[in-house]
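Student: Attaching a single structure in structure tokens format; questions to follow.
The values are calculated or read from the model by the stated rules, or taken from the named source; none is laboratory data. This is a predicted model, so every value here is computed, not measured. So basically every Cβ, Gly included, is an ideal-geometry build from the backbone, and we count neighbours across all protein chains shown.
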Amino acid sequence: GNLILLSIEENGYAHLFIQSNRSQDLPLTRITDGGWNDVAPTLSPDRTQIAFASDRNGYWDLYTMDLQSGEVTQITSSPEYDSSPSWSPDGKFVYFSSDRGGAMGIWRIAVDEASGAPQGSAELVAMGTDLRMELARLSADGRTVIFRSTVESVNPAALSFDPVTRQLFVLTSNIDPV
């Protein structure tokens, strides 16, 4: 059957659980535990590993777990926020959201398909200046990235100022003069 990955909070921390869609095959089973949070699990294309985000080392970084052995490997290490991992269709990269570089963008890191270990450093895929880019998912052919965006923009306004009367007059925008 299909595997279902969950992050469930209990006793103040979120941990990962796995279950088969046919519960007689694999009932709900905890796969992480400890005094930290593990969230956003995603199954590798070959179904042998998961990638997830965790604050287990003090910062939100990404990890992989071998589902056979339970071995956990840290794949990013940064004081910036790394989350929302997603595997490339070929299993060679983990794409993720991060605020490295000052804005929330899409990054990726190469991983060894067999061990889940990182292969080099994270690389920037896309970042906007007034646009948050998060929750990246790749199309089945790996050629298109789909992501959630939040536009954070400033509405420019033209104001005329009379230094004698100290009054502001709005020339553009929909703001009220002070």
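Student: Considering only residues that are farther than 18 Å from V72 by Cα, of a type in the set (A, V, I, L, M) and either in contact (Cβ under 8 Å) with a residue 40 or more places away in the chain or surrounded by fewer than 20 Cβ atoms within 10 Å (Cβ to Cβ) (or both), which ones fall in the range 105-138?
Tutor: I106, A122, L124, V125, A126, M127, L131, L135, A136, L138
Student: Moving on. Looking only at the range 8-38, how many residues end up being closer than 16 Å to G70 by Cα and either buried (at least 17 other Cβ atoms within 10 Å of the Cβ) or not aliphatic (A, V, I, L, M) (or both)?
Tutor: Residues meeting the conditions: 12.
Student: Under 9 Å between Cβ atoms, at least 6 apart or on separate chains: pull out the pairs that start in the range 69-98 with a residue that is on the phi > 0 side of the Ramachandran plot and end on any residue that is acidic (D, E) and outside any strand (DSSP E or B).
Tutor: From residues that are on the phi > 0 side of the Ramachandran plot, the pairs are G91/D46; G91/E113.
Student: Modelled with pLDDT under 75 and among the basic types (K, R): which single residue out of R108, R166, R137 fits that description?
Tutor: Numbers: R108 fails: modelled with pLDDT under 75; R137 fails: modelled with pLDDT under 75.
Among R108, R166, R137, only R166 is modelled with pLDDT under 75 and among the basic types (K, R).
Condition check ((1) at pLDDT below 80; (2) within 16 Å of P45 (Cβ to Cβ)) across all residues:
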site: Y81; (1), (2): no, no
site: D90; (1), (2): no, yes
site: G102; (1), (2): no, no
site: A117; (1), (2): no, no
site: A122; (1), (2): no, no
site: M133; (1), (2): yes, no
site: V154; (1), (2): yes, no
site: A157; (1), (2): yes, no
site: S160; (1), (2): yes, no
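Student: Oh, and also: Taking the criterion of being of a type in the set (D, E, K, R), touching a residue at least 24 places away in the same chain (Cβ under 8 Å) and under 23 Å from E113 (Cα atoms), would at least one residue in the range 52-65 satisfy it?
Tutor: Step one: list which residues in the range 52-65 are of a type in the set (D, E, K, R), which gives 55-56, 61.
From what's left, touching a residue at least 24 places away in the same chain (Cβ under 8 Å): none.
For the range 52-65, residues of a type in the set (D, E, K, R), touching a residue at least 24 places away in the same chain (Cβ under 8 Å) and under 23 Å from E113 (Cα atoms): absent.
Student: Next question, about the same structure. Looking at Q49, is it buried (at least 18 other Cβ atoms within 10 Å of the Cβ), among the polar types (S, T, N, Q) and modelled with pLDDT of 95 or more?
Tutor: Working: buried (at least 18 other Cβ atoms within 10 Å of the Cβ): yes; among the polar types (S, T, N, Q): yes; modelled with pLDDT of 95 or more: yes.
Yes.
Student: Residue by residue through the range 5-38, note down the ones that are under 19 Å from the mean Cα position of the chain (by Cα) and aliphatic (A, V, I, L, M).
Tutor: Those that are under 19 Å from the mean Cα position of the chain (by Cα) and aliphatic (A, V, I, L, M): L5, L6, I8, A14, L16.
Student: How many of the residues making up the range 54-104 are acidic (D, E) and under 14 Å from the mean Cα position of the chain (by Cα)?
Tutor: Of all residues in the range 54-104, those acidic (D, E) come to 55, 61, 66, 71, 80, 82, 90, 99.
From what is left, the residues that are under 14 Å from the mean Cα position of the chain (by Cα) are 55, 61, 80, 82, 99.
Residues meeting the conditions: 5.
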